[in-house]
Amino acid sequence: MTQRLYYDSPELREFESVVEDALPPSAERPRPGVILRETAFYPTSGGQLHDTGWLTLDSSERFRVTEVAEHEDGRIVHYLETPVGAAAGTAVRGIIDSERRRDHMQQHSGQHVLSAAFVELYQMATLSFHMGDDDCSIDLATPALSLGQAAGAEKRANQIVFENRPVHIRYVSRAEAEKLGLRKLPPAERDQLRLIEVAAFDLSACGGTHVSATGQIGAILLRKTEKVRQGTRVEFVCGERAVRSARRDFISLTEAAALFSSRPGDVPEMIRKNFEEGKWLRRQRDEALEQLAESMAMVAVGEQPEKNGRVVVRRTFADRDIGFAKLFAQKVARAGKRAVALVGSGMNPPGLVFAQSVGGPADMGALLKQVLLSVGGRGGGTRDFAQGGVPAGANVEQLLQQAAATIEA
Ligand SMILES: [Zn+2]
């Protein structure tokens, strides 16, 4: 089992060790690995992500550590970009990327404080913790969480941060731990437990790396809550991540405010107004289009001579969509005379609409199907109304002529 230096010295960023084993790449693990006698590198576990860094040999050769994992036998494997040609016993120096580690310690310690705040205020237990590259989340054992509760827990957690309470590491037997009333007791049978104590606020068993005082966590910012199968998920960020995400939000909000020539705080109201205005304008436009279609239909029906007791109106709209073509066709069919409308739109996607006054002698559905057959379009309808799409580039006017010739035959 690898000796874990981070258990007692989480501040350690450089350490000396010796190679115990070198694992060549395999099909299962494509990168070479190294096992050391002791390490300060943290392997992915308990929700916390692994460290990255460098291993340096005596010969001053450097190897990049891209991933660190814990094996079932308790050994920690450092995965490298290139194989290290070192025999067992070779001295190495490990160097850990300190910014990444500091970030992980801020997120992980922040999680302890936040989870404890949810228990203290609302008796909501944390079921699991996830740390991603951008966001972190905890799943709470509650079917619902109000905005007020989220804000309350955030406020309480930040209070603990501002008080800069010390964070201690200690070891106790399982029997002792059971008497201490830990927030979280691991299910695994272990003789000795490592406890993380945020002074007079939280006590839980954990193998991760934590800050030595809560002030180092920095701000704790709750981002989002959502219902999940096992309860409620709370997304949060701590420390520098909190500053980064607040900065990103501020930039977006400032950009949005500039579009409205308003202040960031007024953006929701401006969007609401804009939305209402958009709805009103769409309604106005729809009414205007309907009136336009009706007037055009009246004119078209009036201009056409009646033949065999009906009027046939043929019209191609190059710059109006199929929606308007449909409106026009319907208005022609209801213009007061027995009429047939053969209408097309050349706009993308091009289409055809055929309509006749209710109970007319032709079959619009059949006529459309016949016309579409020649160009490979799709569509259909009833005896009095049919609509279909034609491939881009099809000659809409020619198709209408074809339809007119068929019904006038
Ligand atoms: Zn922890």
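The values are calculated or read from the model by the stated rules, or taken from the named source; none is laboratory data. Being a predicted model, the structure only gives us computed values, none of them experimental. Because the Cβ atoms are built from the backbone with ideal geometry, glycine has one as well, and the counts that use them run over all protein chains shown. In case anyone asks, the SASA skips ligands and DNA or RNA and just uses the protein heavy atoms, side chains included. Shrake-Rupley method; radii C 1.70, N 1.55, O 1.52, S 1.80 Å.
Points to keep in mind about this one:
- Sites ALA141 and HIS168 - FRET efficiency at Förster radius 35 Å, r taken between beta-carbons, to 0.05: 0.85
- Of ASP202, ASP384, ASP134, the one that fluctuates the most in a GNM where the chain has Cα springs shorter than 10 Å: ASP384
- For the residue pairs LYS184/LYS227; LYS273/LYS326; LYS273/LYS331, the alpha carbons lie more than 24 Å apart in LYS273/LYS326; LYS273/LYS331.
- Gain on full extension, evaluated as 0.36 nm per residue between ALA246 and GLN284 minus their Cα-Cα distance, stands at 9.7 nm.
- Candidate aspartates and glutamates for bridging to LYS307, where Cα separation is under 14 Å - those fewer than 8 sequence places away on the same chain excluded: GLU408
- Of all aspartates and glutamates in the structure, the ones whose alpha carbon falls short of 19 Å from that of LYS224, not counting any fewer than 8 places away in one chain, are ASP133, ASP134, ASP135, ASP139, GLU154, GLU235, GLU240, ASP249.
- Computed with a 1.4 Å probe over protein heavy atoms only, the accessible surface of segment 288-329 comes to 57 Å² per residue.
- Rounded to 5, percent antiparallel among DSSP beta bridges of the chain: 90 percent
- In this rough spin-label picture, where each label sits 7 Å from Cα along the Cβ direction, the ALA125-ALA200 distance is 2.8 nm.
- Counted residue by residue at 0.36 nm each, then reduced by the alpha carbon distance between them, the extension gain from LEU12 to ASP191 reaches 61.8 nm.
- Highest-fluctuation residue, HIS210, HIS104, HIS71 considered, GNM on the chain with Cα pairs under 10 Å: HIS71
- Available extension along the chain between ASN308 and GLU277 is 6.3 nm, counting 0.36 nm per residue and deducting the alpha carbon span.
- The accessible-area ordering, largest first, of the residues ILE95, ILE35 stands as ILE95, ILE35, per a 1.4 angstrom probe.
- Of all the options VAL18, VAL167, VAL332, the one that moves most in a Gaussian network model of the chain with Cα springs shorter than 10 angstrom is VAL332.
- For the chain, the mean projected area of the C-alpha convex hull, equal to one quarter of the hull surface, is 32.4 nm².
- Cα-projected label distance for THR66 with GLU269, points at 7 Å along beta-carbon direction, nm: 5.3 nm
- Applying 1/(1 + (r/R0)^6) with r as the Cβ-Cβ distance of GLU99 and GLN398 and R0 = 41 angstrom yields a FRET efficiency of 0.05.
- Surface composition of segment 188-332: carbon plus sulfur atoms contribute 51% of the solvent-accessible area (1.4 Å probe, protein chains only, all chains present).
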